[in-house]
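Here's the structure we're looking at; comments come further down.
The values are calculated or read from the model by the stated rules, or taken from the named source; none is laboratory data. Worth saying up front: this structure is predicted, and the values here are computed from it rather than measured. All Cβ positions, glycine included, derive from the backbone under ideal geometry; neighbour counts span all protein chains shown. Ligands, DNA and RNA are excluded from the accessible area calculation, which covers all protein heavy atoms including side chains. Shrake-Rupley method; radii C 1.70, N 1.55, O 1.52, S 1.80 Å.
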Amino acid sequence: MSDGHDGDWREARLRARLDALRAQDLERRRRVIEGYVDGAPGSVHPVVDGRELLSFCGNDYLGLARDARVAEAFAAAARRWGAGSGASHLVTGHHAEHHALEEELAAFVQRPRAVLFSTGYMANLALATTLVGRDGHVLEDRLNHASLLDAGRLSGSTFARYAHLDADEAARLLAARNGGEALVLTDGVFSMDGDVAPLPALAQACATHRAWLAVDDAHVLGARGGGALEVLGCTVHDVPVLVGTLGKAFGTFGAFVAGSDALVELFVQRARSYVYTTALPPAVAAATRAALALVRDEPWRRERVAAHVARFRAGARSLGLALLDSQTPIQPVIFGEPATALAASEALRERGLLVAAIRPPTVPAGSARLRITLSAAHAESDVDRLLDALASLPRASGRAA
Ligand SMILES: *Cc1c(COP(=O)(O)O)cnc(C)c1O
């Protein structure tokens, strides 16, 4: 048995690793959200350390996370079905709420069928492991979401990354492969940069070289909410596999893969991250059904975010801030070094604004940033308040060269 000294070397090693993170300004801290300001819409007015803040770092782009109708659908379904699903989908976890949500999601993205996953991370794992075998190839954009990159690595297939947005390099890598299924995986909207993948060019490369194209689109862009595919005019033929996450614009939790009947059936049969895990609680599916109806029927939410994006970009440009080329609700301001981004985040927080500093390894070294996200739950005056606060930052930080 341990005499109390055995564990010392383990603690020392763990501490040394944590200390190294702190020394590089890479230590992360979780903020405890203690509540939300009474009567405020969405999730952009959290209370942290007893203080009411205005948040520009959540993913509740359409302001649905705390919508009363979504919450009521959740509560009513919890009363009816209980808190959990009780089993995996293939055993006894697949409830009427899941089934109806799958049908409604398929209709929304105009594809024959959709299957629910518990998270986007798990849906992405399923893509890379189900569609290509160990003798296959997975190609990914260098700046894809971590879950897609992990999926590629874990798939056991030959895994390569092409330069950000570089469809030509993707085509060259596809042409150079010697046999085996190939899968090109890309974010629709890149989650840390806010730019959009060159889907028509990737679709062309995949058609030429007989490869699958799968797009992970977590953001409901476009007039209809059809995302990057709608904005770029891509068809089901161009992008046969579509992944959507439900924890962001939809304000709830979970994810789905949509495509042909055979594609979805193969996931149901073989995707390990589908088969070997507990189904989402049915109440979560019910809440998402309510959220989906609002995404579909309340286009003003998308219009409002788009107006905030335009207002923010015009204001930030006149302040000379280093913006990226993003027309999406994700509006990063690049600072470079982690310490500078962190100092900017702290300075904003002193003014009651919550904006996360994003540092490596989430983003490449030298591109630490404030990741500003806008939401339909923001008011125009909130955007102006953010711009005022950014204007007051020390000149050295966050300015274009
Ligand atoms: C957030 C996100 C994910 C992860 O989805 P979760 O449901 O949070 O696991 C995957 N891909 C992209 C592009 C994302 O933005």
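Given the condition at positive phi and touching a helix residue (DSSP H, G or I) at 6+ places or on another chain (Cβ under 9 Å), answer yes or no: does some residue in region 202-213 qualify? Before you say what the answer is, go through the steps one by one.
The first filter runs over region 202-213 and keeps only residues at positive phi, leaving 210.
Right, trim to touching a helix residue (DSSP H, G or I) at 6+ places or on another chain (Cβ under 9 Å) and you get 210.
Yes; the residues of region 202-213 include at least one that is at positive phi and touching a helix residue (DSSP H, G or I) at 6+ places or on another chain (Cβ under 9 Å).
Every residue in region 273-294 that is part of a helix (DSSP H, G or I), more than 17 Å from Glu72 (Cβ to Cβ) and within 16 Å of the ligand (Cβ to nearest atom), please. Reasoning before the result, please.
Within region 273-294, the first condition is being part of a helix (DSSP H, G or I), and the residues that meet it are 273-275, 282-294.
Right, trim to more than 17 Å from Glu72 (Cβ to Cβ) and you get 273-275.
If the condition is that a residue be part of a helix (DSSP H, G or I), more than 17 Å from Glu72 (Cβ to Cβ) and within 16 Å of the ligand (Cβ to nearest atom), then Ser273, Tyr274 are the ones that fit.
More than 22 Å from Val44 (Cβ to Cβ) and open to solvent by 30 Å² or more (accessible area, probe 1.4 Å), is that true of Pro281?
Values: more than 22 Å from Val44 (Cβ to Cβ): yes; open to solvent by 30 Å² or more (accessible area, probe 1.4 Å): yes.
Against the criterion (more than 22 Å from Val44 (Cβ to Cβ) and open to solvent by 30 Å² or more (accessible area, probe 1.4 Å)), Pro281 qualifies.
Tell me whether region 268-276 contains one or more residues that are without any contact (Cβ under 8 Å) to a residue 40 or more places away in the chain, open to solvent by 10 Å² or more (accessible area, probe 1.4 Å) and at negative phi. Before the answer, list the steps.
Taking region 268-276 first, the residues without any contact (Cβ under 8 Å) to a residue 40 or more places away in the chain are 269.
From the residues that got through so far, the ones that are open to solvent by 10 Å² or more (accessible area, probe 1.4 Å) too are 269.
Cutting the leftovers down to at negative phi gives us 269.
For region 268-276, residues without any contact (Cβ under 8 Å) to a residue 40 or more places away in the chain, open to solvent by 10 Å² or more (accessible area, probe 1.4 Å) and at negative phi: present.
Inside region 51-61, can you point out the residues that are modelled with pLDDT of 95 or more and part of a loop (DSSP other than H, G, I, E, B)? Working first, answer last.
The initial filter retains those residues of region 51-61 that are modelled with pLDDT of 95 or more, namely 51-56.
Result: Leu53, Phe56.
So, of the residues in region 295-313 that are acidic (Asp, Glu) and assigned to a helix (DSSP H, G or I), which turns out to be nearest to His89 (Cα to Cα)?
Here is the first cut: in region 295-313, the ones acidic (Asp, Glu) are 297-298, 303.
Narrowing the set further to residues that are assigned to a helix (DSSP H, G or I) leaves 297, 303.
Details: Asp297: 29, Glu303: 36 Å.
Within region 295-313, the match that is nearest to His89 (Cα to Cα) is Asp297.
Residue under question is Ala316, and the condition is that it be outside any strand (DSSP E or B), over 24 Å from Met192 (Cβ atoms), touching a residue at least 12 places away in the same chain (Cβ under 8 Å) and touching a Leu at 6+ places or on another chain (Cβ under 9 Å); does it hold? Full working, then the answer.
Details: outside any strand (DSSP E or B): yes; over 24 Å from Met192 (Cβ atoms): no; touching a residue at least 12 places away in the same chain (Cβ under 8 Å): yes; touching a Leu at 6+ places or on another chain (Cβ under 9 Å): yes.
No, not satisfied.
Please give the number of the condition Arg311 fails out of (1) away from the ligand (no atom under 16 Å from the Cβ); (2) without any contact (Cβ under 8 Å) to a residue 60 or more places away in the chain.
(2)
Of the numbered conditions (1) more than 24 Å from Ser88 (Cβ to Cβ); (2) in contact (Cβ under 8 Å) with a residue 24 or more places away in the chain; (3) part of a helix (DSSP H, G or I); (4) more than 12 Å from the ligand (Cβ to nearest atom), Glu230 satisfies every one except a single condition; which is it?
(2)
Take the residues in region 161-184 that are open to solvent by less than 30 Å² (accessible area, probe 1.4 Å) and free of Cβ contacts under 8 Å to residues at least 40 places away in the same chain, then tell me which one is nearest to Arg210 (Cα to Cα). Spell out the reasoning first.
Of region 161-184, the ones open to solvent by less than 30 Å² (accessible area, probe 1.4 Å) are 162, 167, 170-171, 174, 182-184.
Right, trim to free of Cβ contacts under 8 Å to residues at least 40 places away in the same chain and you get 162, 167, 170-171, 174.
Working: Tyr162: 18, Ala167: 15, Ala170: 13, Ala171: 11, Leu174: 9 Å.
Here the residue is Leu174.
Pull up region 167-190, narrow it to residues that are in contact with a helix residue (DSSP H, G or I) (Cβ under 9 Å, 6 or more places away or on another chain) and within 30 Å of Leu370 (Cα to Cα), then point me to the one that is nearest to the ligand (Cβ to nearest atom).
Ranking the candidates gives Asp187 first.
From the residues in region 117-153 that are in contact with a helix residue (DSSP H, G or I) (Cβ under 7 Å, 6 or more places away or on another chain) and away from the ligand (no atom under 11 Å from the Cβ), which one is most open to solvent (accessible area, probe 1.4 Å)?
That would be Thr129.
Is it the case, given these coordinates, that Val37 is away from the ligand (no atom under 16 Å from the Cβ), surrounded by fewer than 19 Cβ atoms within 10 Å (Cβ to Cβ) and over 24 Å from the mean Cα position of the chain (by Cα)? Explain how you work it out, then say what you get.
Working: away from the ligand (no atom under 16 Å from the Cβ): yes; surrounded by fewer than 19 Cβ atoms within 10 Å (Cβ to Cβ): yes; over 24 Å from the mean Cα position of the chain (by Cα): yes.
Answer is yes for this residue.
Go through (1) buried (at least 23 other Cβ atoms within 10 Å of the Cβ); (2) under 15 Å from Asp141 (Cβ atoms) one by one and return the number of the condition Gly194 breaks.
So Gly194 meets the others, but not (1).
Which condition number in (1) surrounded by fewer than 19 Cβ atoms within 10 Å (Cβ to Cβ); (2) more than 16 Å from the ligand (Cβ to nearest atom); (3) under 19 Å from the mean Cα position of the chain (by Cα); (4) of a type in the set (Ser, Thr, Tyr) is the one that Ser55 fails?
That leaves (1) as the condition not met.
Filter region 245-266 for residues that are within 18 Å of Ser85 (Cβ to Cβ) and either among the hydrophobic types (A, V, I, L, M, F, W, C) or more than 15 Å from the ligand (Cβ to nearest atom) (or both) and give the result. Working first, answer last.
Of region 245-266, the ones within 18 Å of Ser85 (Cβ to Cβ) are 246-247, 252-256.
Hits for region 245-266 are Leu246, Phe253, Ala255, Phe256.
Please find, within region 199-221, the residue that is surrounded by the fewest Cβ atoms within 10 Å (Cβ to Cβ) out of those that are of a type in the set (Gly, Ala, Ser) and within 16 Å of the ligand (Cβ to nearest atom).
Ala218
For region 62-109, how many residues are in a helix (DSSP H, G or I) and of a type in the set (Gly, Ala, Ser)?
To start, the set of residues in region 62-109 that are in a helix (DSSP H, G or I) comprises 68-81, 89-93, 96-108.
Filter once more, so that each one left must be of a type in the set (Gly, Ala, Ser): 68, 71, 73, 75-78, 93, 96, 100, 106-107.
Total satisfying the criteria: 12.
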